[in-house]
Amino acid sequence: MSDIFHPEDFIIRQYAIPPGLHTLKLSAEAPSNIALVKYWGKKAEAEQIPMNPSVSFTLSRSKTTTQASLNLKKHPEKAPHLTFYLDGEHKPSFETKIRTFLERIRPYAPFVWDYDWVWHSHNTFPHGSGIASSASGFAALAGLIMQLEEKIFGIRNNAFRRAKTSFLARLGSGSAARSVAAPAMIWGRYAGVKTATDWYAVPLPFALHPDFEDVRDTIILFEQGQKAVSSTQGHRLIHNHPFKHERIQQAHRHMDGLLEALRTGDWDTFGRITEAEALMLHALMMTSEPYYILMRPETLGFIQSLWNWRLIWEEQQHERPPVYFSLDAGANVHLLYPGHWHTRVMEWLHATVPDIMSHNAYIADSVAKE
Ligand code: PMV
């Protein structure tokens, strides 16, 4: 835990591929994650440095598994051949993104460029389930690359392996930095956690309170497919955003409150900050220049119903339901709640959004245990 690494520690200057490593097969898996305090905006685009710290729950049962076949290139001077399949389907558009990723990580993993690669990737979560596969996808790729590094250089210690996997994943997609361990990960420089850094994500510096050990994330799907404005474009709009300064300060305050809530088992504070963060993410989009909206009327209607339900329940049962929403950069709603509320949440969902529940929600992803 006390290990702190710098980018220089990850640079590889000299290496030789041993004769036994000309052809190999590797396999890695990585979980997705849902941010509680959101990463939105970059200090430096190519380096993927976040504007503010973030913390996420690891979605331990929503994983990407990727197998790789590597062959040492016949013509070392030529660029590597990259072939990517998702669920058996060839995806040339992913190959372009992966090539950019491999270029970014070249100083830290130059040996990757000695091979032609074929990847076969599968997600345990359904396509269009409201979980972006870029976080788990890039974290799985980073895991494969670390395996190759360890075959060339020998086994690294756990802290180094986790930090460098996260460091590499970050260069694929920022939120992928947090997809390397459970139950929760912090990414970005933050005074409350001395080991927290912009370069890679670190685990919580304390044990998660038992009341947060079986958190569920049920995603209510109001939309599937491509978003109107990508996250890459959204991050860029923060550069000249009128509320940028206040947003950075707020994220730090929210980190203080949220981490304290996770340590002490305070679901009320957890919920208040998680919902405020979700709304802030969308408020930033709505006040960007140009402005845009990714929520749908159904998203807002659902949030209102949730708030009403909580109020009525509290009035009648004298207990506040620990059921709170989060939003990603899209119209779908993530409901976060403890496992022992699952049946009641399902009953309420079936009564509130019956059409969606009959074919569209992606349910019950335990986040903390593993
Ligand atoms: O990792 P990116 O560049 O796709 O950005 C994702 C940002 C959010 O998912 C909206 C928030 C977060 O912290 O994951």
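How high is the relative contact order of the range 77-175, in percent, with contacts defined as C-alpha pairs under 8 Å that are six or more residues apart? List each step's numbers first, then the result.
Working: 82 pairs, mean separation 29.8, N = 99.
With pairs under 8 Å counted, the relative contact order is 30 percent.
How would the range 217-369 be classified by its alpha-carbon gyration tensor: rounded, prolate or oblate, with rounded meaning a/c under 1.5 and the a/b versus b/c comparison settling the rest?
On the way: a/c = 2.01, a/b = 1.31, b/c = 1.54.
It comes out oblate by the Cα gyration axes.
Roughly how big is the range 145-195's charge dipole about its Cα centre, with Cβ charges of +1 (Lys, Arg) and -1 (Asp, Glu), in debye to the nearest 20? Kindly include the intermediate steps, with their values, before the conclusion.
Details: 9 positive and 2 negative charges, 28 e Å.
Computed charge dipole of the range 145-195: roughly 140 debye.
Percent relative contact order of the range 210-366, based on C-alpha pairs within less than 8 angstrom and at least six residues apart? Mind dumping the intermediate values first?
Values: 182 pairs, mean separation 66.2, N = 157.
This gives 42 percent for the range 210-366.
Sequence gap at least 6, Cα distance under 8 Å: using those rules, report the relative contact order of the chain to the nearest whole percent. Walk me through the intermediate numbers first.
On the way: 709 pairs, mean separation 79.4, N = 370.
It comes to 21 percent, rounded to a whole number.
Could you work out the helix-only [θ] at 222 nm for the chain, with each DSSP H run of four or more residues adding -39,500 (n - 2.57) and the total divided by the number of residues, to the nearest 500 deg cm²/dmol? The partial results should precede the final answer.
On the way: 10 runs with 137 residues, N = 370.
After summing the helix terms and dividing by the residues of the chain, the value is -12000 deg cm²/dmol.
Along the positive direction of the dipole of the range 210-366 (beta-carbon charges: Lys, Arg +1; Asp, Glu -1; about the Cα centre), which of Phe243, His282, His340 reaches farthest?
Value: Phe243.
Starting from 0.36 nm per residue, how many nanometres of slack lie between Phe243 and Ile49 once their C-alpha separation is accounted for? Kindly include the intermediate steps, with their values, before the conclusion.
Values: separation 194, 0.36 × 194 = 69.84 nm, distance 1.90 nm.
Result for the pair: 67.9 nm of gain on full extension.
In whole percent, and with a 1.4 Å probe on the protein chains, what portion of the accessible area of the range 7-203 is carbon and sulfur? Don't jump to the answer; show the numbers that get you there.
On the way: 4180 of 7920 Å².
Carbon and sulfur together cover 53 percent of it.
Can you classify the chain as rounded, prolate or oblate using the Cα gyration tensor, where a ≥ b ≥ c are the square roots of its eigenvalues, rounded means a/c under 1.5, and otherwise it's prolate if a/b beats b/c and oblate if not? Write out the running numbers ahead of the final one.
Numbers: a/c = 1.81, a/b = 1.66, b/c = 1.09.
It is prolate, given that a/c is not under 1.5 and a/b is the larger ratio.
With a 1.4 Å probe and all protein chains left in place, how much of the accessible area of the range 210-366 comes from carbon and sulfur atoms, in whole percent?
On the way: 3870 of 7510 Å².
In the range 210-366, the share of accessible area belonging to carbon and sulfur is 51 percent.
I'd like to check one number: the per residue accessible area of the range 1-89, probe 1.4 Å, reported in Å² as a whole number. Write down the numbers at each step before the final one.
Values: 4370 Å² over 89 residues.
With all protein chains present, the range 1-89 gives 49 Å² per residue.
If you fit an axis through the alpha-carbon atoms of helix 158-170 and take the longest principal axis of the Cα set of the chain, what angle between them do you get, 0 to 90°, nearest 10?
80 degrees
Using +1 on the beta carbon of Lys and Arg, -1 on that of Asp and Glu, and nothing else charged, what's the dipole of the range 210-366 about the Cα centre, debye to 20? List each step's numbers first, then the result.
Numbers: 12 positive and 21 negative charges, 110 e Å.
With only Lys, Arg, Asp and Glu charged at Cβ, the dipole is about 520 debye.
Please label the shape of the range 280-340 as rounded, prolate or oblate, based on the square roots a ≥ b ≥ c of the eigenvalues of the alpha-carbon gyration tensor (a/c under 1.5 means rounded; beyond that, a/b larger than b/c means prolate, else oblate). Show your work: numbers first, answer last.
On the way: a/c = 3.00, a/b = 2.33, b/c = 1.29.
Prolate, because a/c is 1.5 or more and a/b exceeds b/c.
Per residue, how big is the convex hull around the C-alpha atoms of the range 7-203? Give it to me in cubic angstrom, could you? Could the numbers behind the result be given before it?
Values: hull volume 23.6 nm³, N = 197.
Spelled out: Cα convex hull of the range 7-203, divided by residues, is 120 Å³.
The values are calculated or read from the model by the stated rules, or taken from the named source; none is laboratory data. Note that the structure is a prediction, hence the values are computed from the model and not measured. Glycine gets a Cβ as well: all are built from the backbone with ideal geometry, and neighbour counts include every protein chain shown. To get the accessible areas, we keep the full protein, side chains included, count just its heavy atoms, and leave off ligands, DNA and RNA. Shrake-Rupley method; radii C 1.70, N 1.55, O 1.52, S 1.80 Å.
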